[in-house]
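Below is one structure, written out as structure tokens, with a few remarks after it.
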Amino acid sequence: MTEKKTLRLGIAGLGNVGVGLVKLVQGQQELRLAGNLEISAVSARSKTRDRGIDVSGYGWEDDPVKLATSDDVDVFVELIGGSDGPARASIEAALRAGKHVVTANKAVIAEHGALLAELAEENNVHLLFDAAVAGGVPIVRVLRDSLSSVDVQRVSGILNGTCNYILTEMLATGQEYTPVLADAQKLGYAEADPYLDVSGMDAAHKALILSVIAFGAKPDFSKVRVSGVDQIDGLDIKFADKMGYRIRLVTESTKSESGVRCSVAPALFKVDHPLAQISGPTNAIMVEGDPVGSVTMAGPGAGEGPTASAVMGDITRIFQGPATPPFGTSVSELNAEMIQSSGENTQSVWFIRTKLSDKSGALAELSKAFALCEVSVDQMHQDSSAGEAAAPIAIMTHPCTRKAAEAAASMIEKLDACVDKPRVLRVEA
């Protein structure tokens with residue numbers, strides 16, 4: 001019988017995911033691994049913190065860069081987070097030292113992935129980051145490997161479980177954004193500082209990584225158009241529901257002759273759309289292309305278990321053979337330019353929601369604004385003012401450009417009757 005290969009791990013970062021990974025390694029006899037795993041040493045900000053696991057049998061290194069280059073480490077696992085600082089420095093050091101690297105850090109891959117991939121290729125080592133996108137959903141591996149023969153036309157999806165939880169709970173409970181966010185933080189779905197999640201930046205990092213793999217794009221995070229869910233309120237959720245839609249924070253990446261476009265923004269989906277049916281802290285990704293048509297994958301997108309499992313999956317990939325280009329294509333062959341479009345010529349149906357003073361002529365003024373901007377109204381829903389000074393109203397347009405829809409919204413905002421800045425959201429076809 002051939003003796004199983006052993007990989008020695010150096011793990012930097014003992015937060016939820018790091019702890020989850022240590023648990024998996026300690027219980028590896030229950031897993032289907034092609035070799036053996038040993039933890040040589042770990043690194044974290046605090047050596048004395050109680051993490052609920054015993055790490056006393058492992059070496060300790062305060063400096064993750066030293067851990068990354070240790071002679072006792074075959075695979076450096078970076079779970080620190082952040083696009084720069086010790087995370088980037090330690091990954092670079094490990095790759096230059098000829099160590100395989102596994103990371104769950106979407107920010108460092110999105111913003112410095114080309115440089116890191118070049119180092120991995122130069123040193124003939126693995127740089128694996130399946131856990132950086134969608135947690136327990138193996139979309140990176142599927143898109144890079146299983147769908148490598150597919151002419152991908154579009155990649156879209158829900159890539160932030162925090163935002164999806166907030167939007168679905170706002171509909172289910174009727175609560176506003178702020179208390180639902182607080183609940184998400186209590187449940188561990190949102191960080192104490194939720195900015196990266198609710199602003200859309202977290203999803204944007206993940207969307208860029210998928211764009212590089214799907215379209216051979218030269219990664220350029222500055223070209224990604226990003227907006228989040230922090231401005232969505234209960235009225236938006238309510239009116240969308242009345243019209244038969246759900247609001248989701250969706251990522252979208254497409255390729256045209258002019259380049260690769262990548263964006264993150266809230267949009268409306270018909271209730272029977274696959275992404276509309278994704279609820280709670282779940283991720284889902286749709287890949288559309290020839291000859292497969294559409295492939296949808298969904299599952300837990302964050303948390304100790306799913307993400308640690310994805311990290312372990314990448315570690316076990318190292319047992320299977322020589323390193324391949326991290327993005328599926330050599331960095332020198334990434335030739336599609338990323339372009340940032342204003343989106344003003346995007347043709348779509350648009351959802352526009354505002355409040356108008358409960359007075360005579362208000363609707364006539366609103367209708368005139370739409371007519372002047374050549375925007376045709378398909379549906380209009382107005383709630384009673386219920387004794388308040390203003391009544392909420394929502395409009396679903398016929399297809400028109402974003403430029404026209406936003407021009408109408410801008411004109412409406414200037415009306416004397418308007419008392420709430422209009423919200424403009426795209427409606428997914």
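Suppose the filter is crowded, with 22+ Cβ neighbours inside 10 Å and either closer than 15 Å to VAL17 by Cβ or at pLDDT below 95 (or both); does ALA110 pass it? Even if it seems obvious, please write down each step before you answer.
On the way: crowded, with 22+ Cβ neighbours inside 10 Å: yes; either closer than 15 Å to VAL17 by Cβ or at pLDDT below 95 (or both): no.
No: the conditions fail for ALA110.
Would you call GLU288 within 23 Å of the chain's Cα centre (by Cα) and farther than 22 Å from ASP202 by Cβ? Against the criterion (within 23 Å of the chain's Cα centre (by Cα) and farther than 22 Å from ASP202 by Cβ), GLU288 qualifies.
Checked against the criteria, TYR189 counts as among the aromatic types (Phe, Trp, Tyr), touching a Ser or Thr at 6+ places or on another chain (Cβ under 9 Å) and either outside any helix (DSSP H, G or I) or not assigned by TED's automatic domain parsing to the domain that holds VAL287 (or both).
In the condition set (1) modelled with pLDDT of 95 or more; (2) surrounded by fewer than 23 Cβ atoms within 10 Å (Cβ to Cβ); (3) part of a loop (DSSP other than H, G, I, E, B), GLY136 is compliant with all but (1). For segment 364-409, taking the residues that are aliphatic (A, V, I, L, M), in a helix (DSSP H, G or I) and touching a residue at least 12 places away in the same chain (Cβ under 8 Å), the one that is farthest from GLU344 (Cα to Cα) is identified as LEU366. Applying the criterion of being over 31 Å from the mean Cα position of the chain (by Cα) and outside any loop (DSSP other than H, G, I, E, B) to the residues of segment 410-423, the residue that is farthest from PHE239 (Cα to Cα) is MET411. Among the conditions (1) at positive phi; (2) under 24 Å from the mean Cα position of the chain (by Cα), the only one that VAL102 does not satisfy is (1). For segment 195-246, what are the residues that are without any contact (Cβ under 8 Å) to a residue 40 or more places away in the chain and in a loop (DSSP other than H, G, I, E, B)? Of everything in segment 195-246, those that are without any contact (Cβ under 8 Å) to a residue 40 or more places away in the chain and in a loop (DSSP other than H, G, I, E, B) turn out to be SER199, SER227, GLY244. Taking the conditions exactly as written (out of contact with any strand residue (DSSP E or B) (no Cβ under 8 Å at 6 or more places or on another chain), within 20 Å of GLU169 (Cβ to Cβ), in contact (Cβ under 8 Å) with a residue 12 or more places away in the chain and crowded, with 23+ Cβ neighbours inside 10 Å), does LEU268 satisfy them or not? It is false that LEU268 is out of contact with any strand residue (DSSP E or B) (no Cβ under 8 Å at 6 or more places or on another chain), within 20 Å of GLU169 (Cβ to Cβ), in contact (Cβ under 8 Å) with a residue 12 or more places away in the chain and crowded, with 23+ Cβ neighbours inside 10 Å.
Here SER309 fulfils each of the conditions (1) surrounded by fewer than 16 Cβ atoms within 10 Å (Cβ to Cβ); (2) modelled with pLDDT of 90 or more; (3) closer than 24 Å to ASP202 by Cβ apart from (1).
With respect to the conditions (1) crowded, with 17+ Cβ neighbours inside 10 Å; (2) modelled with pLDDT of 95 or more; (3) assigned to a helix (DSSP H, G or I); (4) touching a helix residue (DSSP H, G or I) at 6+ places or on another chain (Cβ under 8 Å), LEU249 falls short on a single one, namely (3).
The values are calculated or read from the model by the stated rules, or taken from the named source; none is laboratory data. What you see is a predicted model; the values in this text were computed from it and never measured. Cβ: placed from backbone, ideal geometry, glycine included. Neighbour counts: every protein chain shown.
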